[in-house]
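Right, one structure below, let's go through it.
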Amino acid sequence: MKQDALYQLGSTPFTLDVLAAIYPNCKQITDKARRLEQEGRIVRLKRGLYVRSAEDGAGQDTALIANHIYGPSYVSLLSALRHYGVVPERVYTTESMCLKRSRSFDTPLGRFVYHSCSNPYFALGIQMHGDGGVQHLMASPEKALCDLMTVSPGLVFRSVKELAAWLEQDLRIDTDALRRFDISLLNQLVEAATIKPHNIATLIKLLQ
């Protein structure tokens, strides 16, 4: 396929305004987007947001897509823990934390779920990942586990023993990775958390 202006977008999601900028002679940009979608060159993620398709030669960065679908947000929970190899199970839904209300989006590239939290907790423990000049936001392993423990319904740890059993039996977590957790970050998170801070405090006790 002959390369055209669409290729300059790479794997980064884009809006109709961006599409209009790379096709300045196109008067009906929504029709252009519809044709490109029908041709299999782009994928519609939600109203007004698209990404180049794998069939068009683009790499699919699920975390980057998650950052763009709903934000500000960062990939977290089991999605991040699996990325780091902290948990063994494959994850089929991309989960993130956000500053807006909780939402979910079903797209041709999968399901994206967003859990609401507040600042300053949101801003702690976020890392940049990626290469080729394209980066996405993802929770550190410590933050991802804290997010999982605070937003999971009905998950309340009354003792260190209960938490240890959940980590080993339910999550099958990599204990070596757990030993490398940054206690200072966990102390910041427990101070900033507005949802189930006692779960994070129990994790600190387990690691000390």
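With respect to Ala33, is the statement that it is under 16 Å from Pro108 (Cβ atoms) and touching a Phe, Trp or Tyr at 6+ places or on another chain (Cβ under 9 Å) true?
It is true that Ala33 is under 16 Å from Pro108 (Cβ atoms) and touching a Phe, Trp or Tyr at 6+ places or on another chain (Cβ under 9 Å).
Could you tell me which of the residues Ile42, Ile69 is of a type in the set (A, V, I, L, M, F, W, C), over 30 Å from Gln169 (Cβ atoms), in the same structural domain as Ala123 (by TED's automatic domain parsing) and at pLDDT 95 or above?
One residue alone meets the criteria, Ile69.
Anything in segment 128-161 that is more than 30 Å from Gln8 (Cα to Cα) and either free of Cβ contacts under 8 Å to residues at least 24 places away in the same chain or assigned to a loop (DSSP other than H, G, I, E, B) (or both)? List them, or say none.
Within segment 128-161, Ser140, Ser152, Pro153, Gly154, Leu155, Val156, Phe157, Arg158, Ser159, Lys161 meet the criteria.
Inspect segment 105-127 for any residue being surrounded by fewer than 19 Cβ atoms within 10 Å (Cβ to Cβ), more than 30 Å from Leu49 (Cα to Cα), touching a residue at least 24 places away in the same chain (Cβ under 8 Å) and assigned by TED's automatic domain parsing to the domain that holds Ser79 and give the result as yes or no.
The answer is no, given that none of the residues of segment 105-127 is surrounded by fewer than 19 Cβ atoms within 10 Å (Cβ to Cβ), more than 30 Å from Leu49 (Cα to Cα), touching a residue at least 24 places away in the same chain (Cβ under 8 Å) and assigned by TED's automatic domain parsing to the domain that holds Ser79.
Could you tell me whether Asp176 is part of a helix (DSSP H, G or I), at pLDDT below 95 and over 30 Å from Gly40 (Cα atoms)?
Yes, satisfied.
I'd like to verify a number: residues in segment 128-140 that are polar (S, T, N, Q) and either surrounded by 19 or more Cβ atoms within 10 Å (Cβ to Cβ) or under 18 Å from Lys100 (Cβ atoms) (or both), how many?
1
The values are calculated or read from the model by the stated rules, or taken from the named source; none is laboratory data. Being a predicted model, the structure only gives us computed values, none of them experimental. Note: ideal-geometry Cβ built from the backbone for every residue, glycine included; neighbour counts use all protein chains shown.
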